[in-house]
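All of the numbers you see were taken from the coordinates with simple rules; none came from a lab. From a predicted model like this one, the values you see are computed outputs, not experimental measurements. Don't worry about glycine lacking a Cβ; one is built from the backbone with ideal geometry, like all the others, and counts go over all protein chains shown.
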Amino acid sequence: MKYGLIGCGGIGALRAEALGKLDGHSLVCVCDTDRARARDIAGRCGGRVIDDWRELVRQNDIDAVIVSTPPSLHMDMSIAALDAGKHVLCEKPLARNLDECQAMIDAATRNQRFLATGFNYRFYPSIIKARELLDSGIIGELDHVRSYTGYSATAHDHEWLHEFDTMGGGTLRDNGIHLIDLTAYFLGEVADIKGFSSGSVWQFPGCEDNGFALLRSSAGHLASLQSSWNEWRGYKLLVEIYGTLGCIRAWCFPMLTQVCWSQTRGGPLRKKTHLFARTHLMEKLKSYRWVVVESFVHEFAAFADAAAGNPSAVASGGDGMLTIRIADAATGGLAGGPC
Ligand SMILES: NC(=O)c1ccc[n+]([C@@H]2O[C@H](COP(=O)([O-])OP(=O)(O)OC[C@H]3O[C@@H](n4cnc5c(N)ncnc54)[C@H](O)[C@@H]3O)[C@@H](O)[C@H]2O)c1
């Protein structure tokens, strides 16, 4: 798979690094309005610099385009790439609103190309393990999912992260969008959504700083989730999956999965903790960026599988749109909405 990368900021740089670790994947061209960033990535990871993203998507020697720019640019860039016959992996949130998501999905459909949403948390070791445990049946039948993520809005230095015009909303489209995706990923097909949000702490116009949602799947299972911009200290993300015989708890920071289960309903419980020693060691030695890059490596491999029409855990455009639908249900979907 040969890639063009639009957006050579923090995440674009890590995505370029990930491609270098994966056999059969290569970075062919890069673009950023900040030419120095594009040159830096091309120098370190290979590829030529192209000044205009519209030109990049038309290059004949690429199969796929990575869109890693602020969300207000995702729709135009992704549609142009899909119309040029490329597969697209677009960073999260897929777009600012449902109309933009739908237009992107329509472009993928009419061009018969794969549109992926960059939900790389699916490829963190704790989440891969949780999926494996749930699918093994160790906790019996799924009953409900409960999840939480939070950090402080002041912990991020991108001003656009708190701008409605760029993001389309607040915490639910930022850290919360990964949580929403993971919650739905474990719950199964989402049939009903209810939610509320508040914005009294930071008061960024149109951007909620707490969002709560309740989901019900078509099989009747329930989920509750909360995403917050005022955790105040540290970065938390936890997904708890409850079944008829036990439960699985997956943390991403620190990376950890616990499972407790019994052979019979209400019987004696056994417990196991999965610690992912290599991840912890490499995180200590090389920073959390190593962990992110590893998740991108797995995600790119899954993206290539999906583009070839094979089953894959990569998130689709439809998965990306569902997360926006859930975020909208919690905020009322209105500019400046109830928060
Ligand atoms: N997967 C994750 O966990 C994760 C984490 C953080 C951010 N993100 C997402 O990744 C995307 C990028 O975030 P980031 O933190 O790298 O932001 P960033 O600001 O560091 O990088 C964005 C880059 O896009 C460039 N850009 C802006 N307009 C452009 C244009 N018209 N043409 C070409 N380049 C242009 C900017 O110059 C900048 O270098 C966002 O969608 C964000 O939500 C994902």
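Where does the longest stretch of the chain lie that holds no GluC sites (Glu not before Pro) found in a DSSP loop with 13 or fewer other Cβ atoms within 10 Å?
On the way: sites that count: 141, 189.
The longest such stretch corresponds to 190-339.
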>> Give the lysines whose C-alpha is closer than 26 Å to that of residue 272, dropping any in the same chain fewer than 8 places away, or say none.
In response: 129, 236, 284
>> Suppose a student asked you for the relative contact order of the chain, using Cα pairs under 8 Å spaced at least 6 residues apart; what percent would you report?
In response: 19
> Hey, in the GNM for the chain with a 10 angstrom Cα cutoff, which one of 162, 178, 221 fluctuates hardest?
Replying inline: 221
> Of 201, 259, 57, which is the most mobile in a GNM of the chain whose springs link Cα atoms less than 10 angstrom apart?
Replying inline: 201
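Just for the chain, what percent of DSSP beta bridges are antiparallel, to the closest 5? Could the numbers behind the result be given before it?
Working: 43 of 69 bridges.
Percentage antiparallel, nearest 5: 60.
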>> Run the paramagnetic zone check for residue 135: 7 angstrom along Cα to Cβ, then residues of region 1-40 with backbone nitrogen under 11 Å.
In response: none
> With each run of n ≥ 4 DSSP H residues scored as -39500 (n - 2.57), what mean residue ellipticity at 222 nm is computed for the chain after dividing by its residue count and rounding to the nearest 500 deg cm²/dmol?
Replying inline: -11000 deg cm²/dmol
>> Under the rule a/c < 1.5 gives rounded, and otherwise a/b versus b/c splits prolate from oblate, where does region 88-203 land using the Cα gyration tensor?
In response: oblate
>> Once each part is reduced to its C-alpha centroid, what is the distance from region 182-219 to region 241-279 in angstrom?
In response: 25
> Pick from 321, 167, 282: which is most flexible by mean-square fluctuation in a GNM of the chain where alpha carbon atoms under 10 Å apart are linked?
Replying inline: 282
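Tell me, which longest segment in the chain has none of the trypsin sites (Lys or Arg not before Pro) that fall in DSSP loops with at most 15 further Cβ atoms within 10 Å? Each step should come with its number before you reach the end.
Numbers: sites that count: 21, 233, 265.
Longest run free of exposed loop sites: 22-232.
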> What translational diffusion coefficient, in µm²/s and rounded to a whole number, does the Stokes-Einstein relation yield for the chain at 20 °C and a viscosity of 1.002 mPa s, taking the hydrodynamic radius as the Kirkwood radius over Cα pairs?
Replying inline: 105
> In debye to the nearest 20, how big a dipole does region 194-303 give about its Cα centre with +1 on each Lys and Arg Cβ and -1 on each Asp and Glu Cβ?
Replying inline: 520
